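The values are calculated or read from the model by the stated rules, or taken from the named source; none is laboratory data. Predicted model, so just to flag it, every value in this text is computed and none were measured. Positions of Cβ are backbone-derived with ideal geometry, glycine not excepted, and every protein chain shown enters the neighbour counts.
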Amino acid sequence: MQVELVKTTTTDDIALDGAFFAPREGGVANRPVDAILLVHGTGGNFYGANLLDLGERFRQAGYPCASFNTTSHDVVYGNPDRPLGNAHEILDRCRLDLDAGITWLTRRGYERIAIFGHSMGAVKVAYYQAYIQDPRVTAVIPSSPVRLSHSYFLASEAGEEYRRFYEKAKALLEAGQPDTLIPASFPNPAFYSARSYVDKHGPAERYNLLRYTHMVRCPILLMAGTLETHPRLRDAAKDAFETIKYKPDAKLVIHEGADHGWSNMRDAQAQYVLDFLDALSPAPKTKKARVLAKAKR
């Protein structure tokens, strides 16, 4: 595996470490996408095995590829005045993290970027493009997205378990203790601040894929496995696709036997992405994208 350790910085001055996978000689000339940005999931980081594996596969296929930490990497870091990490994440700020990664790639000369996210990263890439409409992004690939839906959780077989943690987080917020950490077992075992738990899973459903996937205007590939049966995963990709199935540049892949991590099936996971990208119609580098890329340098 050949990687270059790199770093980028968000517009609010947070440094994010990452890795760059330089393509094999020849690169992606005359392809619709110049490079791929990889976005990790809950509590992950840029060097997670899945992203490193995919980055190498994409590099071997000729695509430059970058994987960066988001500010929600790992569990907790930072300082008492600005606690960061997954436990304290307010998901909306992922817009700054993805912008930083895309900007780093444009500074390297790549103007047409595909953004690939796995798990919570899948939610983020769809959310980013739905609300930012970044002209540098020419494809969005949410892989095994998680469902963030208060109403769905309450109606599921885990409804009482979820209600218990939600009510605890809500009570802490009302008591003026937003940064108090809660060890929760649902929707996945993790530490959450009260503010973060309500932000991601509360009744506002701000990050429910069904509410904004249709707003993504560029080509989109939704992927999941048949073994993703937990309430936070079950049918999340399929239900999101129902909101965009009328779009000719939208595609859904449900892979038989794949679990949430696509264990022992990353050849298939990577190939779906490569086939999707290679089949896209060539998109010219727009004047708006070139101007934005230049302004970010």
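Annotations
A quick yes/no check of all residues on (1) under 18 Å from the mean Cα position of the chain (by Cα); (2) crowded, with 24+ Cβ neighbours inside 10 Å:
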position	(1), (2)
Leu54	yes, yes
Arg59	no, no
Asp99	yes, no
Ser119	yes, yes
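- Count - residues of region 134-185 that are in contact with a Pro (Cβ under 6 Å, 6 or more places away or on another chain) and of a type in the set (S, T, N, Q): 1
- Condition check for Asp53: within 25 Å of Val198 (Cα to Cα), in the same structural domain as Gly261 (by TED's automatic domain parsing) and among the charged types (D, E, K, R): no
To keep it simple, each residue is scored yes or no on (1) polar (S, T, N, Q); (2) under 22 Å from Cys94 (Cβ atoms); (3) touching a residue at least 24 places away in the same chain (Cβ under 8 Å).
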residue: Leu210; (1), (2), (3): no, yes, yes
residue: Pro219; (1), (2), (3): no, yes, yes
residue: Leu222; (1), (2), (3): no, yes, yes
residue: Pro231; (1), (2), (3): no, no, yes
residue: Thr243; (1), (2), (3): yes, yes, yes
residue: Glu256; (1), (2), (3): no, no, yes
residue: Asp259; (1), (2), (3): no, no, yes
residue: Leu274; (1), (2), (3): no, no, yes
residue: Leu277; (1), (2), (3): no, no, yes
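- Some residue of region 162-178 being of a type outside the set (Lys, Arg), surrounded by 18 or more Cβ atoms within 10 Å (Cβ to Cβ) and in a loop (DSSP other than H, G, I, E, B): no
- Qualifying positions in region 180-213 - farther than 30 Å from Pro80 by Cα and surrounded by fewer than 19 Cβ atoms within 10 Å (Cβ to Cβ): Leu210, Arg211, Tyr212
- Filter result for Ile14 (surrounded by fewer than 19 Cβ atoms within 10 Å (Cβ to Cβ) and farther than 27 Å from Ala204 by Cα): yes
- Strands (runs of 3 or more DSSP E) completely within region 1-52 that count 1 or more residues being in contact with a His (Cβ under 9 Å, 6 or more places away or on another chain): 15-21, 35-39
- Between Arg107, Arg147, the distinction of being among the basic types (Lys, Arg) and crowded, with 24+ Cβ neighbours inside 10 Å belongs to Arg147 only.
- Any chance Cys65 is in the same structural domain as His260 (by TED's automatic domain parsing), surrounded by 22 or more Cβ atoms within 10 Å (Cβ to Cβ), closer than 22 Å to Thr180 by Cα and modelled with pLDDT of 95 or more: no
- Among residues of region 81-102, those that are touching a residue at least 60 places away in the same chain (Cβ under 8 Å) and not in a helix (DSSP H, G or I), counted: 4
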